Structure formats: structure tokens, C-alpha cells
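The values are calculated or read from the model by the stated rules, or taken from the named source; none is laboratory data. Owing to the predicted nature of the structure, the values given are computational and were not obtained by experimental measurement. Heads up, the Cβs are rebuilt from the backbone with ideal geometry, glycines too, and the neighbour counts pull from every protein chain shown.
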Amino acid sequence: MPLLRSPRGTVILLLAAVFITFGLLQIGQQTIALVYTGIGLFLFFYTSRLILQLKIAAVNKLEVSRVYKGSISEDKRLNVLLQLVNGTFIGLRTEIFDSYPPFFRLRTGSNAAVIDVPGRGYAKLQYEIAPTSIGAHEFGPVHLVMRDLAGLFFYQRDINIPGVVEVTPWARELIRGGLEATAFSTYSGPLTSRRKGEGMEFADIRQYAYGDPFKRIEWKSTARTGELMVRELHAETQLNVMILLDASDTMAYGQAGLTKLDYSARAVASLISYLSRRGDFFGLTVLQGDRPATVLPLARGQPQITRILNRLGQLKPTASGSKALSEAVKRSLYLGKVKGRTLFFILTDLETKAEVAALRQLVAMSHEVIIISPYTALFESHNLGGLDRVIFSIRTSYHWRTRQELVREAAIDGIPLLDVGPKDLFSSLVQRVEDHRRLGGS
């Protein structure tokens with residue numbers, strides 16, 4: 001950016017011209033002072049410019065770096081440190097402004113300041129910001145502004161420092177008291193199914209057979225019948241759960257941090273934490289418009305949780321693709337290590353019948369498919385009340401009829417479609433998981 005003259009510099013330059021002009025028009029003992037004053041202002045003007053140009057050369061050699069953690073949870077703050085290293089012998093006084101990601105909020109410190117950087121020295125600027133939205137967020141450029149002592153000129157240098165911070169969701173649904181009670185009081189018993197085998201829940205009593213473990217002998221029944229009897233237990237069931245998450249731009253409409261995609265990512269984080277505690281296998285497939293879907297194969301344990309959270313931290317809404325869901329299903333089957341009967345959760349706002357048709361392949365392969373659909377109207381009316389909510393309901397009645405057609409289309413293929421809002425997204429997932437477990441699981 002070239003050296004620019006400030007409004008104050010323009011005023012000084014005009015005053016100098018006016019003084020000299022009036023002094024020359026009426027040369028005399030009294031007006032000669034005006035000429036000297038005008039010449040002095042001209043000299044001051046150009047001397048200030050020359051000195052600033054020398055400092056500009058030093059500013060252009062100033063090394064600026066940004067230090068921060070590349071990935072954080074949405075409940076944490078990000079500490080950002082700007083370092084300015086001056087390799088010249090000229091001391092610099094510069095205004096600095098750091099463009100942090102737009103979906104962050106400043107919490108402590110300041111991202112703008114006037115900093116003195118000594119010659120052959122360095123200076124630092126530190127502040128903390130908090131995220132409001134999940135996914136990948138880019139930093140903007142660092143703006144440096146240098147002015148002369150009188151403020152007649154200024155020079156701005158924009159320094160592009162590429163940087164992305166990934167914000168991962170945290171399992172906030174399990175931390176809230178109500179949902180914790182629902183998830184762990186209602187569903188946290190033994191992992192039982194209708195099949196008999198090794199487990200903890202009692203199923204039946206039968207006669208002892210060769211090879212039965214002695215610890216399962218039922219002594220009271222043995223004493224009553226006179227024959228050796230053993231307990232049969234319900235087998236513990238481990239599920240295979242594959243989650244298909246739609247990251248299209250329609251999922252990202254709304255207020256930052258309160259979009260359908262934000263809520264869905266938090267629900268996924270909560271669900272995988274819940275499944276991990278139950279010993280289940282889980283995976284994630286992210287729909288990315290016309291780009292190939294990202295597939296994290298079925299696995300379990302903390303390493304798998306870390307992989308999925310990292311991927312959720314990289315979410316960036318993409319334009320919807322007409323065949324995105326169909327291609328994502330194929331990649332999920334091919335790369336997802338799907339073996340045996342698997343429960344597929346499809347988290348999408350679902351807008352066309354073609355998207356429902358793309359799931360028929362999973363049903364034909366005897367997988368259980370459930371569409372958990374964040375319904376736009378429920379999210380937009382979440383914070384409305386009274387007359388505003390009634391008016392909004394009337395306005396969305398036509399869209400609701402279209403939605404019902406999609407529900408009927410999915411029902412024909414044997415696919416449940418659940419319209420959910422912010423409050424029941426996670427609980428719907430947990431309920432369907434446990435229903436699947438009771439029916440025999442994977």
C-alpha cells in the first residue's frame with residue numbers, strides 16, 4: 001500500500017500554500033513572516049514524509065507470526081499470541097489489528113493495540129477468544145499502520161498469515177442433568193438382547209450340560225429338582241452404528257452456534273461418547289456436496305472418539321450435490337468396514353424424494369436405516385413465543401405439507417423419518433439405539 005496523506009496533512013499543505021501566496025501578493029515588513037511560516041510548514045511537511053519513508057522500510061522487514069492451538073473444544077477459549085520481531089536498528093511505533101475468525105468472540109485482552117517495537121528487538125500482543133460455532137474457521141490478515149509524529153501521513157501493511165482453527169463439539173447433551181438421567185438411568189443397564197449367551201441379565205433355568213461353567217449352577221433349583229440346574233443369561237449385545245452427517249450449506253442456515261449443523265455435530269459427539277461407554281462400534285460419514293464423502297470406518301474406544309471429534313472440527317458447509325447422499329452411502333459401505341447388520345443414522349434436513357430413494361440400497365441389505373432430520377421450522381421457531389410463534393406456524397404450514405410427503409415416501413421403503421428440534425435431537429438418537437439393541441442388535 002502506498003504512503004497516504006491524512007486529512008491533517010492536507011490541511012497543513014493548504015495552509016503553507018495560503019501563507020506563501022498572501023505573503024508574496026503583498027510583500028512588506030509584516031507579510032514576510034507569512035512567507036517564512038509557509039516555507040516552514042512545507043519543510044515540516046516533507047521532512048515528516050521523509051522520516052516516515054525511512055521507517056516504512058523497517059516496517060516492511062518486520063516479521064510477524066501468530067501462535068495458537070490448532071484445535072479446541074467449543075467450551076474452551078483460544079489463546080492467541082502475536083509476535084513482532086524487528087531486525088533493523090530503527091525503533092518502530094505501530095498500530096496493529098489482528099483479524100481473528102468471524103465466528104469467535106473476544107473475551108480477554110485486545111486484538112488491537114499501539115505497540116513499540118525496539119530496534120533489534122521484539123514485542124508481543126496476546127488475547128483470548130471464544131468460539132460460537134463448530135467447524136473449521138480461518139484467521140484473517142494482520143493489519144499494521146505506521147504514522148508520523150504529527151499524523152500527517154500513514155502507511156498500512158496487510159500481512160496474510162494463513163491459519164485455521166478447528167472447533168470440535170463437546171458432549172454437552174450428556175452433561176445436562178435431564179438428558180443424563182434419560183440416557184444413563186433409563187438405558188444404562190446390561191447390554192442385553194433376545195439372544196441367550198454370556199451376559200448379566202437372567203433369562204431362564206435349564207438342566208446342566210457338559211461344558212457349562214460351574215459358576216452358573218443354580219443351587220436352589222438343583223436342591224428342589226434333584227438334578228443339576230444352571231442359569232441361562234441374555235447375551236450382551238454390541239452394536240454397529242454408522243452415522244451419515246449432512247454438511248451441506250442448507251444445514252448451516254441460522255445464527256452462529258445455533259444452526260442445524262451445530263446441533264447435529266453436538267448430538268453426534270454426545271452419541272459416540274454414549275456408544276463408547278456401551279462398548280459399541282461406531283463410524284462417521286460426512287456428506288460434502290459434490291466432493292467425495294469422508295468416511296471414518298467402524299471402530300470403538302477413545303481413539304475412534306478422537307478421530308471423529310477431529311473430523312467434526314473440520315466441518316465446513318458445502319453446496320448441496322444432487323447425488324451426494326447416494327454417493328455417500330456407497331462410500332460408507334465400501335470404506336466403512338460395515339460387516340453384519342448395522343444401524344445407519346442419516347442426519348440431514350432432507351429436501352427431495354431422491355434423497356430418500358438413495359437409502360433403499362441399505363434397506364435391501366437388511367441394515368436398519370433411520371432418518372433423524374433437523375426440521376428447519378422447529379429450529380427457527382425455537383426461541384419464538386406468543387404471537388410470533390403462531391404467525392411463524394401459519395407461514396410454514398405449506399412447507400409442512402411437503403414434508404409429510406417425504407415422510408410417506410420414506411415409510412413406503414420402511415425407513416422411519418423423525419422430525420426433530422434442538423431439544424429432542426440427541427434423545428431421539430439414544431432411544432433408537434436402545435430399541436435396536438433390544439431387537440437383537442447387529
- Item | Test: residue in the stretch 330-349 that is at pLDDT below 85, within 30 Å of the chain's Cα centre (by Cα) and over 23 Å from residue 275 (Cβ atoms) | yes
- From 87, 140, grab the single residue that is part of a loop (DSSP other than H, G, I, E, B) and either in contact with a strand residue (DSSP E or B) (Cβ under 6 Å, 6 or more places away or on another chain) or surrounded by fewer than 15 Cβ atoms within 10 Å (Cβ to Cβ) (or both). 87
- Task: Collect the residues in the stretch 353-364 that are surrounded by 14 or more Cβ atoms within 10 Å (Cβ to Cβ) and either under 26 Å from the mean Cα position of the chain (by Cα) or of a type in the set (Lys, Arg) (or both), keeping them in residue-number order.
- Result: 355, 360
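In the set 363, 430, 390, which member is out of contact with any Asp or Glu (no Cβ under 7 Å at 6 or more places or on another chain) and modelled with pLDDT of 80 or more?
Numbers: 363 fails: out of contact with any Asp or Glu (no Cβ under 7 Å at 6 or more places or on another chain); 390 fails: modelled with pLDDT of 80 or more.
Of the residues listed, the single one that is out of contact with any Asp or Glu (no Cβ under 7 Å at 6 or more places or on another chain) and modelled with pLDDT of 80 or more is 430.
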- Message: Can you say whether residue 326 is closer than 19 Å to residue 292 by Cα, small (Gly, Ala, Ser), within 21 Å of the chain's Cα centre (by Cα) and surrounded by fewer than 22 Cβ atoms within 10 Å (Cβ to Cβ), as far as the supplied structure shows?
- Response: no
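For the stretch 59-71, does any single residue satisfy the condition of being outside any helix (DSSP H, G or I), touching a Pro at 6+ places or on another chain (Cβ under 8 Å) and either exposed (fewer than 15 other Cβ atoms within 10 Å of the Cβ) or at pLDDT 90 or above (or both)? So that I can check it myself, show each step before the final result.
Residues of the stretch 59-71 that are outside any helix (DSSP H, G or I), as a first pass: 61-71.
The next check asks that each one be touching a Pro at 6+ places or on another chain (Cβ under 8 Å); those that pass are none.
No, because not a single residue in the stretch 59-71 is outside any helix (DSSP H, G or I), touching a Pro at 6+ places or on another chain (Cβ under 8 Å) and either exposed (fewer than 15 other Cβ atoms within 10 Å of the Cβ) or at pLDDT 90 or above (or both).
When you check residue 145 against the structure, is it part of a strand (DSSP E or B) and in contact with a Leu (Cβ under 9 Å, 6 or more places away or on another chain), yes or no?
Working: part of a strand (DSSP E or B): yes; in contact with a Leu (Cβ under 9 Å, 6 or more places away or on another chain): no.
The answer is no for residue 145.
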- Task: Could you look through the stretch 122-137, keep only residues that are touching a Gly at 6+ places or on another chain (Cβ under 6 Å) and more than 26 Å from residue 85 (Cα to Cα), and pick out the one that is surrounded by the fewest Cβ atoms within 10 Å (Cβ to Cβ)?
- Result: 132
- Task: Keeping to the stretch 231-251, report how many residues are modelled with pLDDT of 85 or more and crowded, with 16+ Cβ neighbours inside 10 Å.
- Result: 11
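Could you go through the stretch 131-148 and let me know if any residue there is without any contact (Cβ under 8 Å) to a residue 40 or more places away in the chain and within 22 Å of residue 314 (Cα to Cα).
Of all residues in the stretch 131-148, those without any contact (Cβ under 8 Å) to a residue 40 or more places away in the chain come to 137-138.
In the following step, the residues that additionally are within 22 Å of residue 314 (Cα to Cα) were identified as 137-138.
Within the stretch 131-148, one or more residues are without any contact (Cβ under 8 Å) to a residue 40 or more places away in the chain and within 22 Å of residue 314 (Cα to Cα).
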- What's the number of the condition residue 313 fails, among (1) within 23 Å of the chain's Cα centre (by Cα); (2) closer than 25 Å to residue 432 by Cα; (3) in contact (Cβ under 8 Å) with a residue 12 or more places away in the chain? (2)
